[in-house]
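Undergrad: Sharing a structure, written as structure tokens. Questions coming.
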Amino acid sequence: MIRTGKFAATLMCTAVLAACGQGKDENKAANTQTEASPAVAKTAAVRKDVASLSESYAKLRKQQVANVDYTLSVNLDKTGKSFTGKVDVHAKLNGAPKQALTLDFIDGTVDSISVNGKDIPVDYNDKFITIAPEHLKGGDNTISIAYQHPYSIDGSGLYRFEDPADGKVYMYTDFEPYDSNQLFPNFDQPNLKATYTLSVKAPKDWQVVSSTREDSVKDLDDQFKEWTFPTTKKFSTYVFSLHAGPYKVWEDDSGDIPLRVMSRQSLAKYIQVDDWFKFTHKSFDFYQKYFDVKYPFGKYDQIIVPDFNAGAMENVGAVTFSERYVSRGDKTEAERMRLNNVIAHEMAHMWFGDLVTMNWWNDLWLNESFATYMSNLSMAESSEFKDTWENFYLGTKQWAYRSDQLPTTHAIQLPVKNTDEAFANFDGITYGKGGSILKQLPYFLGKEKFRQGVSQYLKDLSYSNSTLDDFMGHLGKAAGKNLDQWQQEWLYKAGLNTIAASFQCEDGKVSKLTLTQTAPEEYPTLREQQIQLGLFDMQDGKMVRTDAVPVLYEGATTDVKDAVGKACPAILYPNEGDWGYVKVNLDPVSVENMSKHINDIEEPFTRLMLWQSLFDSVYDAKLPLDQYVQFVLKNLGAEDNINVVRMGARYLGTAFSYLNQVNIDDAKRAQLQDAIEQFAWKQLQAAKPGSDAQKVWFGTFTGVAHSDEALGNAEKLLSGDLKIDGLKLDPDMRWNLVLLQNEKLFGDYQKAIDSELAKDKSDRAQNFAISAEAVRPQQEAKAKWLTNILDKNDDFKLSQLKAAAYYLFPSDQSKLYQDNLSKVVGALDKVNASTSPEYVGTYSRLFPLNCSQQGIDQISKILDSGKSLNPLLEKALKNRRYENQRCVAMSEKLNESKEG
């Protein structure tokens, strides 16, 4: 899975009892019975009445159950609020049953249950179904359950979407980590792999997609067809799937693997299907050779779906992708690369995650880290994108570095007590740091030895579950190395280390070079790692790399003897080529020469890393923010590498937002922000027509425009009265101009919304319109959308509430945030009790950056209240407090510089 968020269902049948019928009311009465048999009481003691699954209970159930197979039938329609189904659960019980067995099923309705052909009473608590042991037998059992479940409105389980553009209805499932039980009752844990035999009743004009290709489709009447699917191979519940609707379908093949790409009809004109198939072919070619294991699941469908909470999900043979990967204009190379990356990431999971699956969620990181590393490796070695690792550094690795400096950082490998904690661990450590440390392993073990270990691991454990020890054992065996120490240092210890290099020269040659390694006080582990030192000097007007010295460092200091005798460098970069996972502090000589020669450095990747080091100094409150802004304005205009331009423009926008918050003289603030605005406008006009850089600077300009002149230019761009050569405004770019106009209350900002909505009937347009209203610096707008968010207004999908929450309190509206803070905090208990992680995540966005001691104290008051907080909410609040503290430190550094 590529993460951007995910929901868990919150609908309950009790909210729709009027539609449940008399028989269902009787079942509900059974669900809430107060008396229980001793066996049921014993199970209740083992399994808590909560909407999650604990590791301890999953271990117990794994001992009870084996050889699981599901025969599932589901009935779908276009207009209903819920669907019906029947599942036959075939399972072997290990020995005579001594305690009850539970099946996971959150927020549904159970109509009937039979076990081995005999009807039994329904015992269901809206979270799981309990089967008393007297109804079971040792050996093979068949549990048959007829049920109903609401369609999801928040993206988890079976989600229903009605396209506002044409009224067509689409459905898809999203299950990780614990939501397949919202499609049908099951044993929803990764180490109870099963086969699935599926039949679906659906409207005649729909396409139905699952893990296998259908083997028959027959007419039932003039409105419905029945789709039947052959039995699958064994895999975990969270990668099973069901998608349905009148999808547009494109077909191709990769060797003997049938391929399909699907999207909504109204979005089809924007799908660059040639890229989808090209990237898919390249990825299949690379993986099947690299793993030396044939693709195991027959066919491969890729379904592009609306309102998807994550970026993509690795369902077996039927991968889902967010529509965020679909541009409604010309794609930049960065956007094409992101698409290639997500396609390759999800495909890597077919082997690593689906074929071989973690035993429990504590090894989630290995699934995601491996797919993160492999997707970038496949692109670097087989795609058209030769700057793949630069983009990895620019995106994934910076996410990892930032996450590893937060107070909520954690070891890559850590205990996961339940599925709620599993969700909270989808973060920059799981994806970014894990992928980064896997990237360094081939340097440590040897590339071919690493590949051999991975291949044998997949062969030995196909269709099984595995642990970290299984994986590391295969790598160590292939390389002939004991990796125990490496595991302890890198996987079981948290924190980001820092290295610095110091050197002395005599007669123009290095006479001594020492690496110093430090660790944060709270995470003091010093690690061993292979890196590369880059030595640079001026030659013919260019700063060129004169030498590269590989180093295996460990401990507090490492003398680099291989550097002695090399030409004395003007710049020494200790992590050249980005081999290692480590933060870099540059020596004073290198800092001075970098500041003089940043645009003379020949290698773009080195420039990229040095620009990053510069911003790190601001983030660490070592370099005053105003000096950073002045350096960027002086030097970035001469940069021609698009990755460096993207980084520089991104951080210039970040600096602008910080200037809204830091304690600085208003005249100085205005001077710096005006200079940033003017620079962005100048770069936009100067960029090559139709280039990626032009789009980058358009995005930066819309983020920093604030003067009447700039806002007037933006308004004219939207109306067409002003044109910039080569700049084609696609619908999403137009909406960015509408957002800007509403945030600044410039011109007829409501008319701007109405005008765009008249042209753009899409759901994306509806979300933009909500964001544009919510971002207005008006109390009535804040009150309206805060109420909708905090009350979870049923008139809005969660995707629409997200669209409001993400724009409600921008960095220049601190007073409005303070005016509404009591209302936000007042909803804390209700939100904390929510079973929807995505709603909790949406709520956490209502605590924006607040660069003041008051902002720090306000978050501390919540965290120190003694309340037990949802893991996701607690994590978000701790991180927000930390970012507030960082910003205060930056503010103090800025004023210290001014005083000096």
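Undergrad: Within 10 Å of each candidate Cβ there may be at most 16 other Cβ atoms; applying that plus a DSSP loop requirement, which trypsin sites (Lys or Arg not before Pro) in segment 457-491 survive?
TA: Qualifying residues, ordered by number: Lys481.
Undergrad: Can you list the trypsin sites (Lys or Arg not before Pro) in segment 667-759 that are in a DSSP coil and have 16 or fewer other beta carbons within 10 angstrom?
TA: Qualifying residues, ordered by number: Lys723, Lys728.
Undergrad: Something else now. If the cut-off is a Cα-Cα distance under 23 Å, which lysines reach Lys459, setting aside same-chain residues fewer than 8 apart in sequence?
TA: The reachable lysines, counting only those whose Cα sits under 23 Å from Lys459, are Lys193, Lys233, Lys234, Lys282, Lys289, Lys294, Lys299, Lys439, Lys447, Lys449, Lys477, Lys481.
Undergrad: If you fit an axis through the alpha-carbon atoms of helix 273-291 and take the longest principal axis of the Cα set of the chain, what angle between them do you get, 0 to 90°, nearest 10?
TA: Tilt of helix 273-291: around 90 degrees.
Undergrad: Quick one: which of Lys248/Lys386; Lys168/Lys201; Lys78/Lys269 span more than 26 angstrom between C-alpha atoms?
TA: Lys248/Lys386
Undergrad: Kindly state, to the nearest 0.05, the FRET efficiency for Ser865 paired with Asp795, given R0 = 51 Å and r defined as their beta-carbon distance.
TA: About 0.95, to the nearest 0.05.
Undergrad: Further, regarding this structure: Do any trypsin sites (Lys or Arg not before Pro) in segment 45-79 lie in a DSSP loop with no more than 15 other beta carbon atoms within 10 Å, and if so, which?
TA: Listed in order of number, the matching sites are Lys48.
Undergrad: Dipole of the chain (Lys/Arg Cβ +1, Asp/Glu Cβ -1, origin at the Cα centre): which of Ser865, Tyr57, Gln627 lies farthest to the positive side?
TA: Tyr57
Undergrad: Which angle from 0 to 90°, rounded to the nearest 10, does the C-alpha axis of helix 434-445 make with the longest principal axis of the chain?
TA: Helix 434-445 sits at roughly 70 degrees to that axis.
Undergrad: Once the piece of chain linking Ser691 and Thr654 is laid out straight, how much longer is it, given 0.36 nm per residue of separation minus the C-alpha distance between them?
TA: 11.0 nm
Undergrad: While we're looking at this one, here's another question. So what's the back-of-envelope 222 nm ellipticity for the chain, counting only DSSP H runs of four-plus at -39500 (n - 2.57) apiece and dividing by all residues, rounded to 500?
TA: -13000 deg cm²/dmol
Undergrad: What angle, in degrees between 0 and 90 and rounded to the nearest 10, separates the Cα long axis of helix 588-597 from the longest principal axis of the Cα atoms of the chain?
TA: Long axis of 588-597 versus the principal axis of the chain: about 80 degrees.
Undergrad: Taking the full set of protein chains and a 1.4 angstrom probe, give the accessible area of Cys568 in square angstrom, rounded to the nearest 10.
TA: 40 Å²
Undergrad: On to the next question. What FRET efficiency comes out for Lys118 versus Tyr492 if R0 is 51 angstrom and r is the Cβ-Cβ distance? Round to the nearest 0.05.
TA: Given R0 = 51 Å and the Cβ-Cβ separation, E is 0.55.
Undergrad: Subtracting the Cα-Cα distance from 0.36 nm times the residue separation, let me have the gained length for Ser216 to Lys459 in nm, one decimal.
TA: Roughly 84.2 nm would be gained on extension.
Undergrad: Separate question: In what order, largest first, do Tyr553, Tyr523 sit by accessible area if the probe radius is 1.4 Å?
TA: Output order, biggest surface exposure first: Tyr523, Tyr553.
The values are calculated or read from the model by the stated rules, or taken from the named source; none is laboratory data. For clarity, every value in this text was computed on a predicted model and none was experimentally measured. Ideal geometry is used to build each Cβ from the backbone, glycine not excepted, and the neighbour counts take in all protein chains shown. The protein model used for the area step is the full one, side chains on, heavy atoms only, and it has no ligands, DNA or RNA in it. Shrake-Rupley method; radii C 1.70, N 1.55, O 1.52, S 1.80 Å.
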